[in-house]
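Input: a single structure, listed below in structure tokens.
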Amino acid sequence: MNTKKSVFNRKVGACKSATILILDRCASRPLEMKKYLIFLLEFVALSSFSQTREAFNNIDIVENKVIQTTDIYKSIVDSTIAEVLRIDEYLSKNQNSIEQQALTYNSNKPVKVYNNKWPEMLVTEINILRRSNGQIFYYAELPISESGDWSIMYTHYFDINGNVIAFKREANFFNTLCGDDLVNETSIYIFDKNHTLISKSYSLSDSQMQGIINDKDCMFNYDYEYIIMESLEDIVN
């Protein structure tokens, strides 16, 4: 079953930039006029940033906000975080288990990708992990950066009932005044079975993974709107 709904609300281009390890995939492709214009728009945005951030997700939570859990939810949060770490570790050791799909400019319906042969006019990469019964338990979208100055990954984690138990947004970006040259920003949202947000963590670090305590000098030019789904049904329908 192909997924249909994208959690990312901005079509950005056709050049691969999923994680900081593969930002250079863009270098081998010609720079078409449309790509060049998008690059200029992103460059102009650098000169007009605001240090005051507003919420840009559908649950109206500011990205750098931290929500501490209460004692009543602590066991749920701890077990969910452990599950997220387990899945991430499994993913890192089992790359061949990833089902790849792609969204392109030509269609909003994802197409399956085989042997890393990504289609032209790529907008978003989709990585999926399934249980033995075929049910999705990991769903990640990686929008494409035209300029190569940023990479963002939006990941949903699902329980056996198809409910979202956690959501992670991880952004890497250059063109900042804080850190050395590259900044990593990570938010992890934890939900209970009723999709009530019960915890949110936030971290900001440089390329040496040194925590940035004062972010007032950081330029957050890539705060693109995104959607946190409640269940697997929201994504596949």
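Any read-out appearing in this document is the output of simple, stated calculations on the displayed coordinates, not a laboratory observation. As the structure is a computational prediction, the values presented were derived from the model and not from experiment. Ideal geometry is used to build each Cβ from the backbone, glycine not excepted, and the neighbour counts take in all protein chains shown.
If the chain between Thr196 and Tyr224 were fully stretched, how many nm would it gain, using 0.36 nm times the residue separation less the Cα-Cα distance?
Full-extension gain reported as 7.8 nm.
Using R₀ = 41 Å, calculate the FRET efficiency as 1/(1 + (r/R₀)^6) where r is the Cβ-Cβ separation of Ser203 and Glu120; round to 0.05.
Numbers: r = 36 Å, r/R0 = 0.87.
With a Förster radius of 41 Å, E is 0.70.
What aspartates and glutamates could a cross-link reach from Lys112, if we take a straight Cα to Cα line under 17 Å and drop same-chain neighbours fewer than 8 places away?
Glu99, Glu120, Glu125, Glu141
Here is the link list: Lys193/Lys216; Lys109/Lys200; Lys93/Lys117; Lys65/Lys109; Lys109/Lys216; Lys109/Lys168. Which ones come out longer than 28 Å on Cα distance? All intermediate terms of the calculation are to be shown ahead of the outcome.
Values: Lys193/Lys216 36 Å; Lys109/Lys200 31 Å; Lys93/Lys117 21 Å; Lys65/Lys109 33 Å; Lys109/Lys216 40 Å; Lys109/Lys168 23 Å.
Going by Cα-Cα distance, Lys193/Lys216; Lys109/Lys200; Lys65/Lys109; Lys109/Lys216 fall outside the 28 Å limit.
Among 61-74, 140-153, 194-207, 219-232, what's the highest-first ranking by average C-beta atoms within 10 angstrom per residue?
Details: 61-74: 12.9, 140-153: 22.4, 194-207: 16.1, 219-232: 18.2.
Per-residue mean Cβ counts within 10 Å order the peptides as 140-153, 219-232, 194-207, 61-74.
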